Amino acid sequence: MRFSSLTDRIRGDRVAAWDIHFAAWTAKGRGEDVIVLSVGDPDFDTPAPVRDAAIAALHAGDTHYTPIPGRPELRAALARDVARRTGMAVEPENVIVCAGAQNGLFNATLCLVEAGDEVLVPEPMYLTYEACVRASGATLVPVAPDAATLRLDPAALAAAVTPRTRAIFLATPANPTGIVMSAEELEAVADLARRHDLWVVADEVYASLTFDRPHIGIATLPGMAERTVTINSLSKSHAMTGWRAGWVVAPAPLVGHMGTLALCMLYGLPGFVQQAALVAVEQGDEAVAAMREGYRRRRDIALEALGSVPGLRCLKPEAGMFMLVDVRGTGLPTMEFAWRLFRETGVSVLDAGAFGPAAAGCVRLSFAVGEAELDEACRRIAAFVTGLASGA
């Protein structure tokens, strides 16, 4: 039987990068001594008031269809929250509720670009960006960062613009680097977008989990609200990955088009999930602050444990729950390093080369485990690398 060309466009090496994680998860399910640092699924519990809201909604019979773009009260709460955080004028008509940030990214991509268009994406980039762009028929154009820091190279971004360029996708704070873009870097992107009439799709899922540098939304810069699509979710800020509660803030006409696509893609997020999300949004920053400090402590544990290990170079993250570790000093190819580490120690990490050539030679490890477990994982990594150096 024949399949559509879409099936070829959405596959690739970036998808295969997850093989080691699936192997680790399977081994853990068998009861093996495995520590999974290969995925960003928080070990924190969803805050109790949020869970309670969903349970109460279910008991009240909240199991029917909901408005396609989201319930009015949730869209209004999200609009107020964004306005409070950014100072922007945001109305409910600028907000659409999605089944997680990934659903919002896919929906927005299909509504913005098509065959013949080019999308610029600074590397290292999150794994699913390529499949989303290719699914639309557009061409993804990776933009190499500064080689030493992995930060945005504004000159390289400007040089990549062509008459076919229609959008720039960026993530700040970034996965996998944990880099938070500075005001100067954002202004360089905004300047290109304004001069060339480009859309900017801003993935801000980790915006509330910054440690050392405040997050700035590119939509807040002059002339950018009307050309920016901001994607966010509760997955990481409230440990709600499995709830699939996300949203997009964008110009009202685009939100309207996304609602039409959502009609045949999702047909509305479950009501009890939206009631839980409403409580999470209205709860304020208390739960988020606790998680942010938890990730900061874990980052510091990993840096302390691995930062002085010969053969490793840690790239200190400014936000989020991931850290890149350059393993080229061990002499092993990155994929071989990751698989040997898993097979010999039970610790799974991700080959960061999947995020683009800029991250080649690095592995990505997650802070989504408890402090004691993370400390043990780092001890095993350090012992493994030391053993490589000694020839053991």
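The values are calculated or read from the model by the stated rules, or taken from the named source; none is laboratory data. Quick caveat, the model's predicted, so the values are computed rather than measured. Cβ coordinates were reconstructed from backbone atoms using ideal geometry, including for glycine residues, and neighbour counts include every protein chain displayed. Areas reflect the complete protein model, heavy atoms only, side chains present, ligands, DNA and RNA absent. Shrake-Rupley method; radii C 1.70, N 1.55, O 1.52, S 1.80 Å.
Of the residues contained in region 188-202, none is found to be part of a loop (DSSP other than H, G, I, E, B), at pLDDT 95 or above and under 27 Å from MET323 (Cα atoms). Just to be sure before I move on: is HIS238 touching a Pro at 6+ places or on another chain (Cβ under 8 Å), in the same structural domain as VAL121 (by the TED database), within 30 Å of PRO42 (Cα to Cα) and open to solvent by 20 Å² or more (accessible area, probe 1.4 Å) in the structure I sent? In short, no. What residue, of ALA99, ALA16, ALA77, is among the small types (Gly, Ala, Ser), touching a helix residue (DSSP H, G or I) at 6+ places or on another chain (Cβ under 9 Å) and modelled with pLDDT under 95? Checking each option against the conditions leaves just ALA16. In the set ALA277, ALA245, ALA193, ALA174, only one residue is small (Gly, Ala, Ser), within 19 Å of VAL133 (Cα to Cα), buried (at least 24 other Cβ atoms within 10 Å of the Cβ) and assigned by the TED database to the domain that holds LEU120; that residue is ALA174. Of the strands (runs of 3 or more DSSP E) lying entirely inside region 292-392, none contains at least 3 residues that are open to solvent by 50 Å² or more (accessible area, probe 1.4 Å) and of a type in the set (Gly, Ala, Ser). Considering only residues in region 201-220 that are within 20 Å of VAL119 (Cβ to Cβ) and without any contact (Cβ under 8 Å) to a residue 40 or more places away in the chain, the one that is least open to solvent (accessible area, probe 1.4 Å) turns out to be ALA202. Just to be sure before I move on: is ASP43 of a type outside the set (Gly, Ala, Ser), touching a helix residue (DSSP H, G or I) at 6+ places or on another chain (Cβ under 9 Å) and farther than 30 Å from LEU192 by Cβ in the structure I sent? The answer is yes for ASP43.
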